[in-house]
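The values are calculated or read from the model by the stated rules, or taken from the named source; none is laboratory data. Keep in mind that this is a model prediction, so the values were computed, not measured. Every residue, glycine among them, receives a Cβ derived from its backbone with ideal geometry; neighbour counts consider all protein chains shown.
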Amino acid sequence: MKRFLSLSFIFILVASSVAQTQPAEERYSRQDYISMYRGAAVKEMLISGVPASITLSQGILESGDGNSTLARKANNHFGIKCHEWTGEKFYMDDDHKGECFRVYKSVFDSYDDHSQFLKTRSRYAGLFQLEKTDYKGWAKGLKDAGYATNPKYPELLIKIIEENQLHQYDLLTEVPKDFDKLIVEENTVKSDATSTATAGKILLHNRIKYITVQPGDTYFSICKKHEMVLWQILKYNDLSKDDTLIPGQKIYLQPKRYKGDEEFHVVKQGETMRDISQQHGIKLKTLYKKNNMVAGTEPKVGDKLNLKSKKR
């Protein structure tokens with residue numbers, strides 16, 4: 001007797017196949033997160049008095065190392081809800097359905113607001129009587145003051161701090177220069193790409209680390225400085241070794257993403273698909289696929305290219 005697959009079983013097989021073909025979104029590791037934001041945590045400590053280890057461990061825990069929906073969609077790394085907030089808002093289910101969370105223009109704004117949030121609310125006032133090096137007291141005090149509902153919140157923070165030796169940052173009296181490489185998010189602060197402000201700095205665009213080429217830079221010098229190999233620089237930026245580096249040019253130090261930083265891009269005179277890929281931090285092959293274009297072809301001036309959803 002012939003056996004027939006049920007429709008539900010076929011659906012599962014198809015769904016499984018589709019899921020396996022979907023590219024996984026790049027995720028930050030814990031060390032990535034610490035490296036990127038330890039400078040911001042130390043800076044906030046020196047301004048507000050909140051221990052850097054507490055700020056970093058809360059950011060790690062609340063944002064899932066920067067990978068949570070709230071972190072990705074709202075730059076909110078500390079789970080701070082709207083309260084008296086008058087800025088942009090983001091709604092998602094948390095302790096209750098459809099709760100309101102604050103949206104920030106950059107992650108650094110989130111760090112600043114976290115310090116202000118603790119500093120300006122009377123229920124946290126007792127924390128600032130503790131030594132900055134008393135991270136255990138701060139962790140327990142945050143729970144007692146109602147920052148989180150999880151009864152194990154202090155233990156979770158202390159575990160993160162001790163496993164990653166974050167308490168070493170509480171001893172600093174200034175931000176070390178090598179902590180402050182990540183200074184701005186490009187879509188928040190607009191400046192001349194070749195200015196001295198960005199020289200030698202690692203920046204972020206679409207959550208991807210990049211640098212701008214400075215006069216005298218070569219592929220070799222970039223690889224040596226950032227401990228990379230040539231194939232990585234070439235692949236991440238859709239370059240060949242014969243391409244000339246131009247001062248002010250953006251060079252990504254990590255793979256570009258499967259979605260751009262905006263919904264669409266309207267093609268301007270002289271722009272190529274690679275130019276658009278670099279501008280929005282989206283993989284070149286993905287840009288072609290999203291717009292049903294043949295790889296190697298170029299768009300026309302005025303074309304509206306999809307950067308997030310696939311063109312149908």
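Going through segment 153-194 one residue at a time, which ones are modelled with pLDDT of 95 or more, surrounded by 11 or more Cβ atoms within 10 Å (Cβ to Cβ) and not in a helix (DSSP H, G or I)? Within segment 153-194, just 164 meets the criteria. Determine if segment 227-243 includes at least one residue that is modelled with pLDDT under 90, assigned to a loop (DSSP other than H, G, I, E, B) and surrounded by 14 or more Cβ atoms within 10 Å (Cβ to Cβ). Taking every residue of segment 227-243 in turn, at least one turns out to be modelled with pLDDT under 90, assigned to a loop (DSSP other than H, G, I, E, B) and surrounded by 14 or more Cβ atoms within 10 Å (Cβ to Cβ).
A Cβ distance below 6 Å, combined with a sequence gap of six or more or placement on separate chains, defines the contacts here; from segment 81-103, residues that are modelled with pLDDT of 90 or more reach residues that are of a type outside the set (Asp, Glu) and loosely packed, with under 10 Cβ neighbours inside 10 Å in the pairs 91/98. Among the residues of segment 115-135, those that are farther than 10 Å from residue 54 by Cβ, out of contact with any Leu (no Cβ under 6 Å at 6 or more places or on another chain) and part of a helix (DSSP H, G or I) comprise 115, 116, 117, 119, 122, 123, 125, 126, 128, 129. Could you go through segment 51-65 and let me know if any residue there is modelled with pLDDT of 90 or more, over 15 Å from residue 116 (Cα atoms), part of a helix (DSSP H, G or I) and charged (D, E, K, R). There is at least one residue in segment 51-65 that is modelled with pLDDT of 90 or more, over 15 Å from residue 116 (Cα atoms), part of a helix (DSSP H, G or I) and charged (D, E, K, R). I'd like the residue in segment 287-306 that is touching a Lys or Arg at 6+ places or on another chain (Cβ under 8 Å) and either assigned to a helix (DSSP H, G or I) or free of Cβ contacts under 8 Å to residues at least 12 places away in the same chain (or both) and, out of all such residues, is surrounded by the fewest Cβ atoms within 10 Å (Cβ to Cβ). Checked segment 287-306; the qualifying residue surrounded by the fewest Cβ atoms within 10 Å (Cβ to Cβ) is 295. Among the criteria (1) of a type in the set (Val, Ile, Thr); (2) under 30 Å from residue 223 (Cβ atoms); (3) free of Cβ contacts under 8 Å to residues at least 12 places away in the same chain, the one residue 276 does not fulfil is (3). Per the conditions (1) touching a residue at least 12 places away in the same chain (Cβ under 8 Å); (2) out of contact with any Phe, Trp or Tyr (no Cβ under 8 Å at 6 or more places or on another chain); (3) under 30 Å from residue 179 (Cβ atoms), the sole criterion not satisfied by residue 227 is (1). Evaluate the following for residue 137: is it out of contact with any Cys (no Cβ under 8 Å at 6 or more places or on another chain) and modelled with pLDDT under 95? It is false that residue 137 is out of contact with any Cys (no Cβ under 8 Å at 6 or more places or on another chain) and modelled with pLDDT under 95. Scanning segment 62-76 for residues that are buried (at least 16 other Cβ atoms within 10 Å of the Cβ) and not charged (D, E, K, R) returns 63, 64, 66, 67, 68, 70, 71, 74, 75, 76. Checking each residue in segment 268-286 for being surrounded by fewer than 17 Cβ atoms within 10 Å (Cβ to Cβ) and over 13 Å from residue 238 (Cα atoms) picks out 268, 269, 270.
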